[in-house]
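Reading through the structure tokens given below for one structure.
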Amino acid sequence: MMAVRLTFDGQKLTWPGIGIFKATTGLPDLQWPDKQCVPDAAIPEGNYKLFIQFQGEAPIRNAADCDLGPSWGWSTIPRGQAAGTCEIYWANWGY
């Protein structure tokens, strides 16, 4: 297995030799190191290992709250008709 060092700054994921991608770990304005201890906002800084396998579209856990279910790999955010009324909230997330 090959190790790849990805860098994530709270708004973009940099994959050396591949590209830079929009990504998120929390709500707008809560994606910065000084906000890492705000409950239900963002993950703490640190080193993480990811299962890099595409898992398809993220499951919608609760459409009324625009709540997406977790994934063990990377997934796309539902868009358009699949997103329904959540489209306005998910439009600026990485996909």
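Need the full-extension length gain, N47 to W93, defined as separation in residues times 0.36 nm minus the C-alpha distance. One decimal, nm. Write down the numbers at each step before the final one.
Details: separation 46, 0.36 × 46 = 16.56 nm, distance 2.21 nm.
Result: 14.3 nm gained on full extension.
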Simple Cβ-charge dipole of the chain, Lys/Arg +1 and Asp/Glu -1, about Cα centre, in debye nearest 20: 360
Given 10 °C and 1.306 mPa s, compute D for region 50-95 with the Stokes-Einstein relation, Rh being the Kirkwood radius over Cα pairs; round to the nearest whole µm²/s. 146
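What stretch of the chain, leaving out the sites themselves, is the longest with no trypsin sites (Lys or Arg not before Pro) in a DSSP loop having at most 14 other Cβ atoms within 10 Å?
On the way: sites that count: R5, K49, R79.
Within the chain, the longest run free of exposed trypsin sites (Lys or Arg not before Pro) spans 6-48.
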Final fewest-first order of C37, C86 on the 10 Å Cβ neighbour count is C37, C86
Would you please state which residues of region 69-89 a label at D29 would reach in this model, taking the label point 7 Å out along Cα→Cβ and a backbone N cut-off of under 19 Å? 88-89
Determine, for T24, T14, the number of other Cβ atoms within 10 Å of each Cβ, and report the residues in order from fewest to most. T14, T24
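Counting each DSSP H run of 4 or more residues in the chain as -39500 (n - 2.57), what helix-only mean residue ellipticity at 222 nm follows after dividing by all residues, to the nearest 500 deg cm²/dmol?
Calculated at 222 nm, the ellipticity per residue is -500 deg cm²/dmol.
Relative to the compact-globule scaling 2.2 N^0.38 Å, provide the ratio for the alpha-carbon radius of gyration of the chain.
On the way: Rg = 14.0 Å, N = 95, 2.2 N^0.38 = 12.4 Å.
Cα-based Rg divided by the globular estimate yields 1.13.
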Cysteines of the chain without any disulfide-compatible partner (other Cys Cβ under 4.7 Å) are C37
Excluding residues fewer than 8 positions from K22 in its own chain, the lysines with Cα under 16 Å of it are K12
Evaluate the distance, in nm, between pseudo-label points positioned 7 Å from the Cα of D40 and of K22 along their respective Cα→Cβ axes. 2.4
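Here, each number is a calculation from the coordinates, and none is a lab measurement. For clarity, every value in this text was computed on a predicted model and none was experimentally measured. Neighbour counts are summed over all protein chains in view; Cβ atoms, including those assigned to glycine, are modelled from backbone coordinates with ideal geometry.
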